[in-house]
Amino acid sequence: MVSFTPADMDAIRLSARVALAATIVSLPFGIAIAYVMSYRSFRGKAFAEVLLNLPLTLPPVVIGYLLLLLLGKNGWIGSILDAAGLRIVFTWYAAVIASAVVGFPLLVRSIRIAMESIDEGLIQASRTLGARWSDTLATVILPLSLRGIVAGSSLMFGRSLGEFGATIIVAGNIPGVTQTIPLAVYDYVSAPGGEGAALSLCLVSAGLSLLVLFFHEYLARRMGRRD
């Protein structure tokens, strides 16, 4: 029979909390950047494209270390926050930031693909009828990009559930505070006799991921039938 300790339950709850928070916080920025990259031309767009996709190629541990340099007590942002009496590093907020940075390119890519597949004639028609860009975005682009938004959110949520490298560097592995499922599994695997508990948490992680994927497929089919 599978049993979980209070620390295991904390890790499960924290994983879901971090993944959900990272997805919600990133979604407005993801939509905005996908819109700019899809419909705006500007100098340095190729560089912005490379920078946007960089987290997909960098090792997560490197991302975590760069975030640690940025958000640490002596970092550019961390020093400002420290002067204000705020601390991000080694809190669950740091885990949210790490998950958001690592999963952000997946979110933007899915939304961007959906936006770029919209018939340009529909956008031009709305502008011809006098709609402002904000009206076109709200009534044409976003509704027709909904499947991409759902897909990107699902991918990012799933990616955040499995985030390990960046999180352990910038948030640490503190039970009940920053220890997510992957970090708890790492602890169990590193300790003698922890294989059974590690396997139990792996099954929970796999179950959560399957739920996310099934939910994504369900919404995609519902929206497909509606279309």
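The values are calculated or read from the model by the stated rules, or taken from the named source; none is laboratory data. A quick note: this is a predicted structure, and the numbers were derived from the prediction, not measured. Neighbour counts run over all protein chains shown; Cβ positions are idealised from the backbone, glycine included.
Checking each residue of region 58-66 against the condition of being surrounded by fewer than 18 Cβ atoms within 10 Å (Cβ to Cβ) and not in a helix (DSSP H, G or I) gives at least one match. Residue-level check: of (1) surrounded by 14 or more Cβ atoms within 10 Å (Cβ to Cβ); (2) in a helix (DSSP H, G or I), residue 13 misses just (1). Listed by first and then second residue, the pairs with beta-carbon distance under 6 Å, at least 6 apart or on different chains, first residue in region 1-30 and at pLDDT below 95, second surrounded by fewer than 21 Cβ atoms within 10 Å (Cβ to Cβ) and of a type in the set (Ser, Thr, Tyr), are 2/200. Across region 16-31, the qualifying residues are those that are under 13 Å from residue 98 (Cβ atoms) and hydrophobic (A, V, I, L, M, F, W, C), and the one among them that is surrounded by the fewest Cβ atoms within 10 Å (Cβ to Cβ) is 25. Whenever a residue of region 131-151 is at pLDDT 85 or above, its partners that are among the polar types (S, T, N, Q) and buried (at least 19 other Cβ atoms within 10 Å of the Cβ), lying with C-beta atoms within less than 9 angstrom and at least six residues away or across chains, give the pairs 147/110; 148/110; 149/110; 150/110; 151/110. Using the structure shown, decide if residue 113 is under 30 Å from residue 138 (Cβ atoms), without any contact (Cβ under 8 Å) to a residue 40 or more places away in the chain and touching a helix residue (DSSP H, G or I) at 6+ places or on another chain (Cβ under 9 Å). Here the answer is yes, as residue 113 does meet what is asked.
Would you mind stating whether residue 71 is surrounded by 12 or more Cβ atoms within 10 Å (Cβ to Cβ), within 23 Å of residue 176 (Cβ to Cβ) and either of a type outside the set (Val, Ile, Thr) or out of contact with any Ser or Thr (no Cβ under 7 Å at 6 or more places or on another chain) (or both)? Taking the combined requirement at face value, the residue satisfies it.
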